[in-house]
Amino acid sequence: MLTGHCLCGQITYQADAEPALVANCHCTDCRRQTASAFSTVVGVPAPSFTVTGGELAEFITTGTDHGQPTQRKFCGSCGTPIVSVSSAMPDLVFIKAGSLDDPTVVEPQLEVWTESALQQWAIGEGSGKPAFARGPG
Ligand SMILES: [Zn+2]
Ligand SMILES: [Zn+2]
């Protein structure tokens with residue numbers, strides 16, 4: 001069982017299934033929506049996903065590759081992205097992993113849209129850049 005919530009707490013959700021896949025998505029739409037380097041997503045079977053508190057707002061983008069609509073659902077109060085549903089893969093709901101109550105239970109297995117990835121933003125031990133365990137913000 002996966003559970004999660006938005007930043008303000010109005011939206012809560014659960015997914016009663018094992019993740020089908022966990023990926024870091026580097027597409028430009030996910031980058032812009034999350035305003036971050038990339039988006040870690042957890043694909044779960046659509047019927048297993050339930051919003052348990054609040055009501056999701058949504059908008060639609062068009063997938064660059066497949067040209068089909070992608071529903072991007074978020075908390076209308078605080079703006080936290082919660083899930084994406086791509087009409088190219090309608091059987092899965094892609095949870096934004098950073099909204100999980102315990103994100104440590106999932107681990108990305110693959111990178112997608114690496115042709116759009118910001119390689120120069122790579123972080124972690126191997127980047128060779130000065131690293132700080134904590135920092136401002
Ligand atoms: Zn919220
Ligand atoms: Zn993406």
Exercise for the section: Output the residues belonging to the stretch 106-128 that are exposed (fewer than 10 other Cβ atoms within 10 Å of the Cβ), modelled with pLDDT under 85 and not β-branched (Val, Ile, Thr). Expected result: Gln119, Gln120, Gly124, Glu125, Gly126, Gly128
Problem - Spans of strands (runs of 3 or more DSSP E) in the stretch 1-104 with at least 1 residues in contact (Cβ under 8 Å) with a residue 60 or more places away in the chain and under 22 Å from Ala122 (Cα atoms) - result: 21-25, 39-45, 92-96
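Examine the stretch 77-96 for a residue that is under 21 Å from Leu118 (Cα atoms) and within 16 Å of ligand 1 (Cβ to nearest atom), and state whether such a residue exists.
Checking the stretch 77-96: at least one residue is under 21 Å from Leu118 (Cα atoms) and within 16 Å of ligand 1 (Cβ to nearest atom).
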Exercise for the section: Kindly indicate whether Asp102 is within 19 Å of Ala20 (Cα to Cα) and either among the β-branched types (Val, Ile, Thr) or out of contact with any helix residue (DSSP H, G or I) (no Cβ under 6 Å at 6 or more places or on another chain) (or both). Expected result: yes
Fill in the blank from the handout: Over the stretch 1-44, the set of residues aliphatic (A, V, I, L, M) and away from ligand 1 (no atom under 16 Å from the Cβ) is Met1, Leu2, Ala15, Ala17, Ala20, Leu21, Val22, Ala23, Ala37, Val41, Val42, Val44
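The values are calculated or read from the model by the stated rules, or taken from the named source; none is laboratory data. Small disclaimer: the values here were computed from a predicted structure and weren't measured. Glycine gets a Cβ as well: all are built from the backbone with ideal geometry, and neighbour counts include every protein chain shown.
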